[in-house]
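Before any comments, here is the structure.
The values are calculated or read from the model by the stated rules, or taken from the named source; none is laboratory data. These figures come from a predicted structure and were not determined experimentally. Cβ placement follows ideal geometry from the backbone for every residue including glycine, while neighbour counts extend to all protein chains displayed. Keep in mind that these areas ignore ligands, DNA and RNA; they rest on the heavy atoms of the full protein, side chains included. Shrake-Rupley method; radii C 1.70, N 1.55, O 1.52, S 1.80 Å.
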Amino acid sequence: MEATTSEIDFDDLAERWQARLPELAAVHDVPGATLGVLRLATDDRPRQQFVAAAGVLNLDTGLACTTDSVFQIGSITKSWTATVVMRLIEQGLLELDAPLAEVLPGLRLPDDLAARATMRHLLTHTSGMDGDLFTDTGRGDDSLERYVELLADAGMNHPLGATFSYCNAGYILAGRIIEHVTGQTWDAAIGTHIVEPLELTRTFTFPEECMLGRFAVGHVAENGQKPHVAPIWALPRSLGPAGLITCTAGDVLAFAAMHLGDGAPVLAPSTAAAMQEHQVDVPDPYTLGESWGLGWIRFAWDGRHVIGHDGNTIGQAAYLRMVPELGLAVTLLTNGGESADLFQDVITDVLAEVAGIAVPARVEPTPSAPLGEVADYLGHYSRASLETDVYLDGERLMLRTTSTGPLAELEENPIEEHELFPIRDGVYALREPPSEQWTPVVFYLLDDGKRYVHFGARANPWVSA
């Protein structure tokens, strides 16, 4: 592990960010946030860490956000689920490349996937299953078992291994497999294999656990409104392995430190390293990272290898980035507003100051670029929870999305229309004010010639003209 390019006094850094975080949060209408920064020890420097807090946990009550407040970390949970899977592989209870049917007898999946797909496909989002199935199967200990029974009727986004498409359902299935081989619920397995070894004190999977201390509530905003308290606090228990961990920024940093170090006391060094290695490229390298590992997103920033994950629930968003060769981790937990814009400001400044790393600029349309030949992009695309139409309105290329399923009931505007602006051939972008960020939209073909549009980290197959 190399020394960082800038020897920063972490006490001074903490003081400056405790002053700056509230200012940035206010600029981006983020009600509350905690920021955590960690740098592992080297031969000539001790481990350094700080957590800063800003704003309030709930706009209705005005309860102040503190450094020990818990936030929902959403899909960063997937990295925790993947870690348990890899620990069980070390113990000989699972195999990364064994057919899932051999691990979970009686499993029924679409397209004969049970006999062909493996845990590697689940952890790398390449199984092809429609991933955004948010069915609530109750609060009982059988919630994952009941959810997995529904996957027999799930649709297919793409053939097995043909492309990358973010798949919540795959991680829920991985969680159910954890239950089967351990004899524990997923919640209990997270405790046994991660929370207890790392001695985490404010990491939870149940709402009633979170409510014993300070906890954030989500805030949402539609049609240019200011953020207001979300109508629902948590996602159903059936989605646990994909996104139900709630914890402090400090506990996120403890989890990150384990992966940045030698994996102890959870994983062997070789396993922790293997999780960070390249597994699959992402068709849209702009939204998250350029590629995926085993439970980690991979980025290439300023010549550095960076890993991490993001998470979104109902009005809460969380971010984690790590630079393994520098032993550096940064996490931001938020409860509403333009959190992605806040994170961009935070990660850009922290990495520049602490490590001399220039975070790449966000993708934007190319000024005066021609629209290009778009005839092959037009038509109707469909996957679970979303219908997409690409069409021409005069000389403007338009994209209309219609949310479906359980999450659509939580949206004030399930139908959205956006103009697409060109970046380069086959790559466009849309923007949803007041956010400053552009959302890439990538059109591409699979090897079999099937047309797809990739945005929001999902592959959307073309269905009809």
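Values computed for the structure shown
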| quantity | calculated |
| --- | --- |
| Strands (runs of 3 or more DSSP E) completely within the stretch 303-408 that count 2 or more residues being open to solvent by 50 Å² or more (accessible area, probe 1.4 Å) | 304-312, 386-393, 396-403 |
| The stretch 56-78, subset open to solvent by 30 Å² or more (accessible area, probe 1.4 Å) and of a type in the set (D, E, K, R), residue farthest from residue 204 (Cα to Cα) | 60 |
| Matching entry among 30, 84 (being closer than 22 Å to residue 310 by Cα, in a loop (DSSP other than H, G, I, E, B), of a type in the set (A, V, I, L, M) and open to solvent by less than 30 Å² (accessible area, probe 1.4 Å)) | 30 |
| Residue count, the stretch 242-287 (criterion: small (Gly, Ala, Ser) and closer than 19 Å to residue 35 by Cα) | 5 |
| Test: residue in the stretch 288-298 that is at pLDDT below 95 and either over 30 Å from residue 229 (Cα atoms) or assigned to a loop (DSSP other than H, G, I, E, B) (or both) | yes |
| The lone exception for residue 153 - which of (1) within 26 Å of residue 405 (Cα to Cα); (2) among the acidic types (Asp, Glu); (3) free of Cβ contacts under 8 Å to residues at least 12 places away in the same chain it fails | (3) |
| Some residue of the stretch 9-20 being outside any helix (DSSP H, G or I) and open to solvent by 10 Å² or more (accessible area, probe 1.4 Å) | yes |
| Members of the stretch 251-270 that are open to solvent by 20 Å² or more (accessible area, probe 1.4 Å) and within 21 Å of residue 199 (Cβ to Cβ) | 254, 261, 262, 264, 265, 268, 269 |
| Contacts under 7 angstrom Cβ, first residue in the stretch 76-89 being farther than 16 Å from residue 239 by Cα and of a type in the set (Ser, Thr, Tyr), partner open to solvent by less than 10 Å² (accessible area, probe 1.4 Å) and in a helix (DSSP H, G or I), 6 or more apart | 83/194 |
| Members of the stretch 357-399 that are out of contact with any Leu (no Cβ under 9 Å at 6 or more places or on another chain), of a type outside the set (A, V, I, L, M) and under 29 Å from residue 170 (Cβ atoms) | 360, 362, 379, 380, 381, 382, 383, 387 |
| Residue check for residue 276: farther than 23 Å from residue 361 by Cβ, surrounded by fewer than 23 Cβ atoms within 10 Å (Cβ to Cβ) and in contact (Cβ under 8 Å) with a residue 12 or more places away in the chain | yes |
| Qualifying residue in the stretch 232-241 (condition: of a type in the set (A, V, I, L, M), at pLDDT 95 or above, open to solvent by less than 30 Å² (accessible area, probe 1.4 Å) and on the phi < 0 side of the Ramachandran plot) | yes |
| Residue among 413, 460 that alone is of a type outside the set (Lys, Arg), over 22 Å from residue 364 (Cβ atoms) and in a strand (DSSP E or B) | 460 |
| Scope the stretch 285-296; condition closer than 14 Å to residue 310 by Cβ, open to solvent by less than 10 Å² (accessible area, probe 1.4 Å) and either in contact with a Leu (Cβ under 9 Å, 6 or more places away or on another chain) or in contact (Cβ under 8 Å) with a residue 24 or more places away in the chain (or both); matching residues | 292, 295, 296 |
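For every residue, the table says whether it meets (1) in contact with a Pro (Cβ under 9 Å, 6 or more places away or on another chain); (2) open to solvent by 30 Å² or more (accessible area, probe 1.4 Å); (3) among the small types (Gly, Ala, Ser).
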{"site": "415", "(1), (2), (3)": "no, yes, no"}
{"site": "419", "(1), (2), (3)": "no, yes, no"}
{"site": "425", "(1), (2), (3)": "no, yes, no"}
{"site": "429", "(1), (2), (3)": "yes, no, yes"}
{"site": "432", "(1), (2), (3)": "no, yes, no"}
{"site": "437", "(1), (2), (3)": "no, yes, no"}
{"site": "442", "(1), (2), (3)": "yes, no, no"}
{"site": "446", "(1), (2), (3)": "yes, no, no"}
{"site": "450", "(1), (2), (3)": "yes, yes, no"}
